[in-house]
Amino acid sequence: MERIDTLEEEIAELRNTLLAKEKELIRLKKKWADSQRKHIDPVNDLPFKMNFNHSTKLRGKLPKWAIERYSRQILLPEIGIQGQERICASRVAVVGVGGLGCPAAAYLAAAGIGDIVLVDHDRVAVSNLHRQILHTEEDLDTNKSMSATESLRKINSRINITPYHRTLTTENVMGLVARCNVVLDCSDNVATRYLLGDACALAKTVLVSGSALKMEGQLTVYSYRAENNKNEKDLSYRGPCYRCVFPTPPPLEAVGSCSANGVAGPVPGMIGCLQAMEALKVVMGYPYEKLMVGRMLIFDAEDMSFRTVKLRPRNPECRSCSTTDNFMELMDYDNFCSEQKREEEFELKLLPDEQRISAQDLAIFLNQHQRQMGYEKRKKRKDKNTHPLLVDVRSAEEYKMCSIDGSVNYPINELSGEKLESLLEMVRARNNDVIFMCRRGNDSQIAATTVIDAVGAQHIGKVKELRGGLHEWARHVDHYFPVY
Ligand SMILES: [Zn+2]
C-alpha cells in the first residue's frame, strides 16, 4: 500500500512538472512565432527588387503571403478578399477537442481563422485515436488541448492558437464566449451543452452545435442574433437558443455516449467539417437563411442520407435568450443535469452486499472450483451443473470482442420471453452460484434482479453479480482483458 501511495505521489508531481513545462513550451513557441511574424514585410520582403515603374497595389488588408496561402478560397465569389479578411480577423472557440473538435479545428486553422481557442480538460486515450485525428500515438495521456494545438501549429503557423486545459464552469465560461465571434460546441455531455447554450445566448455569441453517436450525426446553429451580424442591424433574433429547443434535459436513457454506444469515426469527422463550414459562414456575415438556423441537419451514415428538420421556433419567454428580461444568471449545471452524470460515475445499488462479489473474490472462487473439479475428474464424476455459471449480459458485439472463458452471453436487451425463460431454466438446474457480469456492474445488477424476480424463492441465493463489472476484472485479476 505504501509503495502505491508513494508512486501516486510521484506521478502527481511528475504531472505538475509536465504541465509547467508544457506551459513554458507554449510561451516560448508563441514568442518565437511572434518574432517570426515581425520580420515579414508583405511587400518589401521580396526575394529581389527590381527597378519597376509600377508598384504593386494590395487592395485590402491582406498581405502577400495571406493572398497566396488562402488563394484557393479567396477565388470563390462566396468568400473573396473581404470574406478572407473577416476570417483572418475573427476568434473562434472549439469546446471539446475530440471526434468533432479535431476536424473542425483543423479546417478552421487551415482556413486562416486568426485566433483559435481549444478547450478540453481531458487527456488522449488510445480509444480516441480512431476518430480524433489531431492526436497521435505519441500524444497518449497528454492534454488534448495541448496535443491538438501542436498539430494545428503544423497546419498553420500564421495564426494564434490557445490551448485551454480546463473544464468549463459558470465562473470561466463568460470570459471565453464573450471574446469570441463563434463558439463550436463539440462537447460530449448535456451539462456542457446547457452551460454553453446559456452563456452564448447571454453573450450574443453564435453557437454552432454538433453531435455524433453510432452511425448518426447532427448539426445546427443556436443563438443566432442579427445584432451580431453587421449587415442586419435592424433585425434581432433569428433563431432559437439551445434552451428554446431543449427546455429541460432529456432522460438518462435517451442520452447515449460514444464510450457506451460506440461511434463510427467518419461520422463526427463529417459533422466537425460541417461545423467549421458554418462557423466560417457566420464570421463572413452570411444571412440566417443560408445558415442552419432554426433547422437541424441529420446525417445517417448507414444509408448516406441527409435530412433537414425544422426546430421549434425561438420561445419569447425563454429564460436564456428572452429580450424582455435582460438579466439572466448561469446556474448549477451539474445539478440541473444530475440525471446525466457521466456513466463512469454512475453506480447502481440494486442488490444486497452478500449477492455482490468482487473481482478478486470471483477469481479465488473460480480457482478453488477448478481445483475441486480436478479432484472430481480423477474420481470420474462428471456433472456440468455443479460448475458456477457465468452470465455475461453485454451486447453480442461486446461479447465477441472479449469475454471470460466459459461464460455464456445473454444480452440484457434481449432478456425477456423465451430467452429469459431458457436462462431461468439454466439457473434452476444449476447446483452452484450463477454470477452475472457486464462492463461496469450496472446492467448485471438489473439482469440479476430480473432473474431473482422470476426464478423462484429457493434459487434466489445462487444469484450473484460481479461488482464493478469486467473493468474491475481487468484491473485486479486479468491484465490482458481489454478495457474499452
Ligand atoms: Zn432561448
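Per-structure values
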quantity: 5 angstrom amide H check on residue 162, placed H, neighbours 5+ away; calculated: 116, 117, 118
quantity: C-alpha center-to-center spacing [the range 416-484, the range 125-154] in angstrom; calculated: 38 Å
quantity: Order of 433, 185 - criterion: other Cβ atoms within 10 Å of each residue's Cβ, fewest first; calculated: 433, 185
quantity: Label point distance in nm, residue 408-residue 331, each placed 7 Å from Cα along Cα→Cβ; calculated: 4.8 nm
quantity: Theoretical FRET efficiency, 1/(1+(r/R0)^6), r = Cβ-Cβ of residue 432 and residue 307, R0 51 Å, to 0.05; calculated: 0.45
quantity: Where GluC sites (Glu not before Pro) in DSSP loops with at most 15 other Cβ within 10 Å are excluded, longest remaining stretch of the chain; calculated: 348-484
quantity: Cα shape, the range 353-476, gyration tensor, a/c 1.5 rule; calculated: oblate
quantity: Cα-centred dipole magnitude for the chain, charges only on beta-carbon of K, R (+1) and D, E (-1), debye, nearest 20; calculated: 1660 debye
quantity: Cross-link pairs 144/419; 144/214; 30/61; 21/281; 61/204 - those with Cα-Cα distance over 32 Å; calculated: 144/419; 21/281
quantity: Per-residue ³J(HN,Hα) for the range 276-293, Karplus 6.51 cos²θ - 1.76 cosθ + 1.60, θ = phi - 60°, Hz, x for Gly and Pro; calculated: 4, 4, 5, 4, 4, 5, 5, 5, 7, x, 5, x, 4, 4, 8, 10, 7, 9
quantity: Footprinting exposure proxy for 473, 65 (fewest neighbouring C-beta atoms within 10 Å first); calculated: 65, 473
quantity: In Hz, Karplus ³J(HN,Hα) per residue of the range 471-481 (6.51, -1.76, 1.60; θ = phi - 60°; x = Gly, Pro); calculated: 4, 5, 4, 5, 6, 9, 10, 10, 6, 7, 6
quantity: Cβ-based charge dipole, the chain, positive-most Cα from 263, 187, 176; calculated: 176
quantity: Segment residue 28-residue 453, length gained on full extension (0.36 nm per residue, minus Cα span); calculated: 146.5 nm
quantity: Dipole of the chain, positive end: most advanced residue of 413, 390, 11 [Cβ charges, Cα centre]; calculated: 11
quantity: Nearest-20 debye value, the range 353-476 charge dipole, Cβ charges on Lys, Arg, Asp, Glu; calculated: 780 debye
quantity: C-alpha long axis of helix 190-203 to longest principal axis of the chain, angle in °; calculated: 20 degrees
quantity: Least to most buried among 444, 395 (fewest other Cβ within 10 Å first); calculated: 395, 444
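Here, each number is a calculation from the coordinates, and none is a lab measurement. Everything numeric in this text was worked out from a predicted model, so none of it was measured. Here the Cβ is made from the backbone with ideal geometry for all residues, glycine too, and neighbour counts use every protein chain on show.
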